[in-house]
Every structure is written in C-alpha cells, then in structure tokens.
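Data block below; observations after.
The values are calculated or read from the model by the stated rules, or taken from the named source; none is laboratory data. All of these numbers come straight from a predicted model, not from anything done at the bench. Reconstructed Cβ throughout: ideal geometry from the backbone, glycine too, with neighbour counts over all protein chains shown. Note: areas computed on protein heavy atoms with side chains; ligands, DNA, RNA excluded. Shrake-Rupley method; radii C 1.70, N 1.55, O 1.52, S 1.80 Å.
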Amino acid sequence: GTSASVSWNTPFDVGGIKSYRVYYKTGNQENNQTINAPATSAVITGLTEAVPYSFYVVAVDNSDNISPNSNTASIVLDATPPTSPVINLGEYTGSRHNLLVSSTDNVGVTKFDIYSKESTAANYQLIRAINCNGPCPGNEITTRISSLNPSKTYEYYAIASDAKNNLS
C-alpha cells in the first residue's frame, strides 16, 4: 500500500482539544483515524495508488464536542514511474525527420525530454523538453528534428515523467 501525510493547525478551544479525527474518502468509502492531541499531523497508510482521495479533519474537545469539518484536500497517489519511452523514427526528408516518442504510466505521462548525439560524440544533449501541461494525449508526442547532416548518424533516447515527477 501507499501512504499520505496530513497536517493541520491547532484550533483554539477554551476547554482544550482532546483529539482529532482524520477522515479520508474515496468513492463511497469513508474511513477515519483518531489522533491524540497535541499531535497535528498523521500518516494514513494502506491507500491505493492512482485512486483519488479526499481528506478533512475535525477536532474533538475535552467535552467531546466536535468541530466543523476543515477544508478538504484531494490527492491522487502516484509512486509508479512511466515505462521507458519507445522512439520511432519517421521518414527522413531533407535535413529533418519526425520522432514519435511514447510511454505508458498508471496516471499519465506529462513530459518528455529528448536527448541526441552524433554517434561519434561522447555525450548526449537535451534537444527537446516537451511539457504537455497535463497528460499527453495517448501518452505520446511527435516532434520534428531539423538541421541534420545526412552524412552523420544520430542516436536518441528519451525520459518520460508524470505529474508527480516520477521518471522513466
């Protein structure tokens, strides 16, 4: 399972705070965990990746009065990196060709960094950083590489990342 850290501010109560209840909900299922004061954070375990969760907290004072709900915070847990990207070369025309770069991810690929080098060069250089501003449609992108020398051989690799910055 996966976990989430939840924290909150201590509310004022004349009689003092006894505990907090951290509620977490996904779909129709709601659970809670009681945390004794003065703690103001909790780690909720046993959560499932790629599932949306909503969290809120209530305070319980020493007279067992329950506060109104706090603001709700929503998250989707994701610790799974995208798969290693696959690069397909398009037709070479003139001094350019297209690259189709694809990967898969449990939540969605959001960015591709594409590196290139001439086959005789020692190091790769970043030639494209493509941010899709959300999940890339179909978890893939197409980009045109220009100014290529037809007498040289080029090598490429790519790194895919998701919204949680997990890298392939």
**OP:** Go through region 136-165 and count every residue that is open to solvent by 40 Å² or more (accessible area, probe 1.4 Å) and of a type in the set (Val, Ile, Thr).
**Re:** 3
Original post:
Could you list, in sequence order, the residues of region 6-29 that are out of contact with any strand residue (DSSP E or B) (no Cβ under 6 Å at 6 or more places or on another chain) and either open to solvent by less than 40 Å² (accessible area, probe 1.4 Å) or not polar (S, T, N, Q) (or both)?
Top reply: Phe12, Val14, Gly16, Gly27
**OP:** Restricting attention to strands (runs of 3 or more DSSP E) lying wholly within region 37-111, give those where 1 or more residues are under 30 Å from Lys152 (Cα atoms) and without any contact (Cβ under 8 Å) to a residue 40 or more places away in the chain.
**Re:** 86-93, 96-102
Subject >> Residue that is least open to solvent (accessible area, probe 1.4 Å), among those in region 45-60 that are at pLDDT below 95 and over 30 Å from Phe112 (Cβ atoms) >> reply: Gly46
**OP:** Go through region 1-36 and give me each residue that's among the acidic types (Asp, Glu) and not in a strand (DSSP E or B).
**Re:** Asp13
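The rows are residues; the columns are (1) within 21 Å of the chain's Cα centre (by Cα); (2) of a type in the set (Asp, Glu); (3) open to solvent by less than 60 Å² (accessible area, probe 1.4 Å); (4) modelled with pLDDT under 95.
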residue	(1), (2), (3), (4)
Ser70	no, no, yes, no
Val76	yes, no, yes, yes
Thr80	yes, no, yes, yes
Pro85	yes, no, yes, no
Asn88	no, no, no, yes
Glu91	no, yes, no, yes
Ser95	no, no, yes, yes
Leu99	no, no, yes, yes
**OP:** Please tell me if Asp113 is at pLDDT 95 or above and either closer than 29 Å to Thr48 by Cα or aromatic (Phe, Trp, Tyr) (or both).
**Re:** yes
